[in-house]
Amino acid sequence: MPRNGKEGILFSFIMSAIMIYVMAALNYGVRIGDVGAAAWSYALFNWPLAYVVGMICDLCICTPSSRAIMNTFCAATDRAVWKASRSNSSWWC
């Protein structure tokens, strides 16, 4: 898991790239009925646009909303393990 801001950004970009590629290939494979080479090449061909859209959604929608939810439910009086996870998750600000 990321320990600072740079690691957090790198982790987010790498995990998003892998997840978007695999999910696109599996989605297309299920749609055509065969998760073979055609599905993986289709996903690779469409990956750049999907990656840009996915990162915009991650950075503009998912990250702020998850941070807001966490800040709502976590307080300064929580156990130390929860305080550490709260401070590590705000790497983008």
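The values are calculated or read from the model by the stated rules, or taken from the named source; none is laboratory data. Bear in mind that the values here come from a model prediction, so they are computed numbers and not experimental data. Cβ: placed from backbone, ideal geometry, glycine included. Neighbour counts: every protein chain shown. Remember, those area values only see protein heavy atoms, side chains included, never the ligands or the DNA or RNA. Shrake-Rupley method; radii C 1.70, N 1.55, O 1.52, S 1.80 Å.
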Q) Got a sec? What order do Arg31, Arg67 fall in by accessible area at 1.4 Å, biggest, i.e. largest, first? A) Arg31, Arg67
Q. Got a sec to turn the phi values of the stretch 41-53 into Karplus ³J(HN,Hα) couplings, 6.51 cos²θ - 1.76 cosθ + 1.60 with θ = phi - 60°, whole Hz, x for Gly and Pro?
A. 6, 4, 5, 5, 5, 8, 4, x, 5, 5, 5, 4, 5
Q: Tell me the label-point distance for the pair Val52, Val30, using the 7 Å Cα-to-Cβ offset, in nm and rounded to one decimal.
A: 2.7
Q: With the Cα gyration tensor of the stretch 4-83 in hand, give its eigenvalues times 5 under a square root as the equivalent ellipsoid semi-axes, listed largest first in whole angstrom.
A: 34, 13, 11
**Q.** Met23 versus Glu7: modelled label distance in nm, points set 7 Å from Cα along the beta carbon direction
**A.** 2.5
